[in-house]
Every structure is written in structure tokens, then in C-alpha cells.
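Asker: The structure follows.
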């Protein structure tokens, strides 16, 4: 079942509109969103017949075709439903209708297990044939070669050309890099690609090329075979605090016993001053959208990354200024260091604390829902998104549905529209608006007490979509540091050797039309930890949030 076109997962209050009546487009959009949640709930519980019944209700709406995205999704999901129910004839008919209506996710059809009962049918291949041809015009298997330690020159050139073309026609932020001539950079990279002696060198070159676009949602993913040769690190977490690089957490008991602890300052890495080391070994390969994101990626996520099994020598200084050296093995393989996707506990004065550490895991929504009866007993709530670098925005919107009793608008955007005829007629490029969608509140569960949101430069992507929507809802204040300033819808494409590229195709805007990509979302209450705070183990951002809630209660 294709799920990415609809918002899912809420328990609904009764809907008062009759599906068979003609509705306005606005009414229809809200109704479809509500019914989509009901469909997904049934699907998740294995109630396929019930889900199909609701889908048939949507299918019967006279002007349903006005919402082309919802119409295609309804047809496709009906195909999936009838396939699972054993009615192959209906399933194939709805699948054909979905393709005819513009459904084009060929890869989704190939991997969707709901459609497995149809794959032996001759009609199935006939339905997919035009879709397959269209898909391969953009993502031909000619580019998808298997990994080898050194790819052939022709493969490397083909991959470079794919990066160039997908970015040229899809990237939405060329105005943010006015000094970059993308075509000239492509030409300059051609001889450099030929000089590479390994697939590793080749992918690093592609990363350096995309880094010049300065966009967190445009870049290169290396093949799986190269990941542990590039992104293993010691089991510590580092951070730039002021102008100094500190260890802020230690993730290994053996390292703790050896004297490695939070608050130690890193002076040198392999004999090189730490900032020089980051400038030479990290900065050329990362693709941040803002200065704060650049510092986070360079000094926290990727500073000490390298090949698993190797080691780095750190020159460290303690609180007294005493220096010493330690050799740390690169054994840790996670870029982020949060323990669990979702955390909940009570703080002083019956204040609830919820850490939403990722939106890439549906467990955050399940966790919030399962503990809501405890959460609603708190007198105020602190939501912590400081470690949340993104994931699926739908997961964040589902949680926002618990914080209101009325419909709310989510982020909007726009994307480039390329028309060869318009170009031939010397017309300027057009943009297609992606208006904000209004989502319903949870309905059955509403947390109506004060809420504060903790943010940092690590708060990015889907977490920023959450934050921007939260701000627009005027649900509470944000506390901490400016967010990463990077979100949007990436288009993924295959590259030779098993890697992939991605390019940002949607220019994201807040619900009220403000741009925050390339800037970041500013906190209402700005709080930045100091070196002394880290060494004392003080969470000054959380303390400031508690202080704000106490002050509010006295008003």
C-alpha cells in the first residue's frame, strides 16, 4: 500500500459530510485527509475489507478527480486492497486506472508486497509496460552497476553526468549560490574523475562537487561497501562550544574508565590543530545549508570519522589546562548518539518531558500515544527536538495533532516547472506552488496545557517542519539555538557502483509563507551552553525552559 501521499494514523471523530454529495475542493480535501487516516488505521490492524469499503466511499465522490493526488492514491490503494482480498480482476482494473490517472511510482509497485498475488498475471506486465518505459527514461538501469573497488572510467563519467543533469533540472536553490557556474564545475570535474584511482576517491569527488551547492538536502550517498571505510568513529560525541571543541558525552564504559569524560577539550587530531583538521578533512565533503549546520556537521557528526578498525590520536586538555594524548579506535558506527527514538519522564513540579529524537521511526508516534494518559497528567509539557535531524514529516504532524483541538496548517512550498517549449520560446522559468494542507486535530486526545519546544542546530528537516508548524499554531515558545535551516523533498537517483544521489526539489516555506531554509528558525528564548556548563553537566536549555514555565505559573 502506497502511504506517502496521505497523512496517517489518527483516530477520528465522526465525519458529518456525506461522501456521495458534491463538496467544495476545500471540504473535499479535509474529508479525504480524515478518511485516509481511517483507511490506514484499518490497514495497520489487518482489517483490509474495512479499509477497502472506505476507499470505495472515496471512489464514489463525484468530484474526487479534482484532487488528482488523492484520486491516484485511492485507485492504487484499491488495487492493493482487492489484491489482498483475492479479487484479481478488480485489483488489476484499479491498478490500470491508477496508471492511466498518472500514478508513476514504478519502484513502489515493484516492491509492494500487497501486489504480489498479481505478478504472475499477464495483464500485470501489460499495465506496467508504459510505466516501466517512462521510469527508465529518468532512472535507467544502465547507471546501476554493482560495486567494485575501482569503477571503469566510462561508468564514472556517466555517474558524474547523472549528478550534473539531475541537479541542473531539479535543484530549487541555485539563487542561493549565485557565484556557482554548475556547467563550468561539471566540465572542470571531468578530468578529475578520470584521475581517480578507486571508487572511494570517485565518490569523494562527487561529494565535493555537490558540497558547493550548500544545501543539506542535496548530496551523495556512498555505496554500502564504503560506509564503514568513511563513517566509523570513536564512541564519543563532540561539539563546538564557543571556539573550543569539547567532548560532550562518552558512549563506552572502557573509555570512561580510561579517563575520557565530558568536558575534555580536543586540541589536535593526529597532530593537526582541530580546526585545521576539520577544514581539511571534513568541510570539503559536507553540504550544510547554514553556518550553524556547517559547524554541527564538521565538529559533531563527522569530525573523527574514518575507516572502522583504524584509530585517531587526540591531544586533549582538562579543566586545569593539563594536556595529554589518547589513541581512540574507530568502532562506533552511528552518526547520531541518542539512545532511544522516544523518551518520557516527569521533571520537577509535575512537568512532563518528551524527547522526540527522530521522526524517521514511527515508534515516536506510537510511544507518544501509548503514554498519553501519563503525559496529560502533567501540568505543562516540554518537547525536546534538539537531537532530531528529521525523518518523515507525517510523524511530526501526527504528534502536533495531540496539541490542538482545531485544524492546523502545515508547511507549504514551490517547485520548478521545466517546459522545453517554454524554453524554446525564451520564456522565463515557472514555479508551481505546493499550498499548505490543513490537517485535523487528533480529535479524541488533546493536550491543552502549556507546551515549550527545545531546539538546536541539530534540529533539521522534518523536525524543522514540526517547529515551523508549531510556531504558526502559536502553541508555545521555542527555547535553545537556531535550527539547521534545511528541509525539503529530495529526489533520489541511482549512481554506478551502488551509491545514490539526491537533490532538493521543493522550496519549503512556513505555513505563512516565510522562508527558513538557508536561515534557520530562531528560538523565542535564546540559550547557548558554555564550556563551563558542559563541564558542570548543566543542561542550561532545559533549565531555561523550566524557569519559563515557573515564571508563567506565577503570572
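Asker: Restricting to helices (runs of 4 or more DSSP H) lying wholly in the stretch 205-322: which have 1 or more residues that are in contact (Cβ under 8 Å) with a residue 60 or more places away in the chain and closer than 30 Å to residue 147 by Cα? Quick ask: steps written out before the conclusion?
Answerer: Working: elements: 224-230, 253-257, 274-281, 291-296.
Correct list: 224-230.
Asker: All but one of (1) more than 28 Å from the chain's Cα centre (by Cα); (2) in contact (Cβ under 8 Å) with a residue 60 or more places away in the chain hold for residue 105; which doesn't?
Answerer: For residue 105, the exception is condition (1).
Asker: Can you say whether residue 144 is touching a strand residue (DSSP E or B) at 6+ places or on another chain (Cβ under 9 Å), within 30 Å of residue 210 (Cα to Cα) and surrounded by fewer than 17 Cβ atoms within 10 Å (Cβ to Cβ), as far as the supplied structure shows?
Answerer: Values: touching a strand residue (DSSP E or B) at 6+ places or on another chain (Cβ under 9 Å): yes; within 30 Å of residue 210 (Cα to Cα): yes; surrounded by fewer than 17 Cβ atoms within 10 Å (Cβ to Cβ): yes.
The answer is yes for residue 144.
Asker: Can you name every residue in the stretch 148-160 that is free of Cβ contacts under 8 Å to residues at least 24 places away in the same chain and assigned to a helix (DSSP H, G or I)?
Answerer: Within the stretch 148-160, the first condition is being free of Cβ contacts under 8 Å to residues at least 24 places away in the same chain, and the residues that meet it are 152, 154.
Across the stretch 148-160, the qualifying residue is only 154.
Asker: Given the stretch 1-118, what helices (runs of 4 or more DSSP H) lie entirely inside it while holding 1 or more residues that are in the same structural domain as residue 392 (by TED's automatic domain parsing), modelled with pLDDT of 85 or more and closer than 26 Å to residue 129 by Cα? If you could, list the steps in order and put the result at the bottom.
Answerer: Values: elements: 25-44, 48-59, 68-85, 88-100, 106-111.
In the stretch 1-118, there are no helices (runs of 4 or more DSSP H) which contain 1 or more residues that are in the same structural domain as residue 392 (by TED's automatic domain parsing), modelled with pLDDT of 85 or more and closer than 26 Å to residue 129 by Cα.
Asker: Within the stretch 333-356, is even one residue in contact with a helix residue (DSSP H, G or I) (Cβ under 9 Å, 6 or more places away or on another chain), closer than 19 Å to residue 468 by Cβ and surrounded by fewer than 21 Cβ atoms within 10 Å (Cβ to Cβ)?
Answerer: no
Asker: Moving to a separate point now. Restricting attention to the stretch 475-482, does a residue exist that is out of contact with any helix residue (DSSP H, G or I) (no Cβ under 6 Å at 6 or more places or on another chain), under 26 Å from residue 217 (Cβ atoms), touching a residue at least 12 places away in the same chain (Cβ under 8 Å) and outside the structural domain of residue 289 (by TED's automatic domain parsing)? Don't jump to the end; show me each part of the working.
Answerer: Our first condition is that a residue be out of contact with any helix residue (DSSP H, G or I) (no Cβ under 6 Å at 6 or more places or on another chain); within the stretch 475-482, this holds for 476-478, 481.
Next, from what is left, pick out any that are under 26 Å from residue 217 (Cβ atoms): 478, 481.
When the remaining residues are screened for being touching a residue at least 12 places away in the same chain (Cβ under 8 Å), the result is 478, 481.
Retained after the next criterion (residues that are outside the structural domain of residue 289 (by TED's automatic domain parsing)): 478, 481.
Yes, because at least one residue in the stretch 475-482 is out of contact with any helix residue (DSSP H, G or I) (no Cβ under 6 Å at 6 or more places or on another chain), under 26 Å from residue 217 (Cβ atoms), touching a residue at least 12 places away in the same chain (Cβ under 8 Å) and outside the structural domain of residue 289 (by TED's automatic domain parsing).
Asker: Continuing with the same structure: Look at residue 465 and say whether it is touching a helix residue (DSSP H, G or I) at 6+ places or on another chain (Cβ under 9 Å) and free of Cβ contacts under 8 Å to residues at least 24 places away in the same chain.
Answerer: On the way: touching a helix residue (DSSP H, G or I) at 6+ places or on another chain (Cβ under 9 Å): yes; free of Cβ contacts under 8 Å to residues at least 24 places away in the same chain: no.
When the stated conditions are applied, residue 465 does not pass them.
Asker: In the stretch 440-458, how many residues are in a loop (DSSP other than H, G, I, E, B) and in contact with a strand residue (DSSP E or B) (Cβ under 8 Å, 6 or more places away or on another chain)?
Answerer: Applying the first criterion (in a loop (DSSP other than H, G, I, E, B)) to the stretch 440-458 yields 440-450, 456-458.
With in contact with a strand residue (DSSP E or B) (Cβ under 8 Å, 6 or more places away or on another chain) added as a condition, the list becomes 441, 447, 449-450, 456.
The qualifying residues number 5.
Asker: Of all residues in the stretch 408-439, how many are loosely packed, with under 13 Cβ neighbours inside 10 Å and part of a loop (DSSP other than H, G, I, E, B)?
Answerer: Qualifying residue count, the stretch 408-439: 8.
Asker: If you don't mind, there's one more thing I want to ask. Being within 17 Å of residue 497 (Cα to Cα), at pLDDT 95 or above and surrounded by 15 or more Cβ atoms within 10 Å (Cβ to Cβ), is that true of even one residue in the stretch 166-186? Before you say what the answer is, go through the steps one by one.
Answerer: Here is the first cut: in the stretch 166-186, the ones within 17 Å of residue 497 (Cα to Cα) are none.
No, that holds for no residue.
Asker: Do you know which of the residues in the stretch 329-348 that are in contact with a strand residue (DSSP E or B) (Cβ under 8 Å, 6 or more places away or on another chain) and not in a loop (DSSP other than H, G, I, E, B) is farthest from residue 450 (Cα to Cα)?
Answerer: Among residues in the stretch 329-348 that are in contact with a strand residue (DSSP E or B) (Cβ under 8 Å, 6 or more places away or on another chain) and not in a loop (DSSP other than H, G, I, E, B), the one farthest from residue 450 (Cα to Cα) is 329.
Asker: Go through the stretch 466-512 and tell me which strands (runs of 3 or more DSSP E), entirely inside it, have 3 or more residues that are at negative phi. Working first, answer last.
Answerer: Numbers: elements: 478-480, 490-494, 500-504, 507-509.
Those strands (runs of 3 or more DSSP E) span 490-494, 500-504, 507-509.
Asker: Out of the stretch 517-554, which residues are surrounded by fewer than 15 Cβ atoms within 10 Å (Cβ to Cβ) and either part of a helix (DSSP H, G or I) or outside the structural domain of residue 489 (by TED's automatic domain parsing) (or both)?
Answerer: 532, 536, 543, 547, 550, 551, 552, 553, 554
The values are calculated or read from the model by the stated rules, or taken from the named source; none is laboratory data. As the structure is a prediction and not an experimental result, all values here were calculated from the model. Positions of Cβ are backbone-derived with ideal geometry, glycine not excepted, and every protein chain shown enters the neighbour counts.
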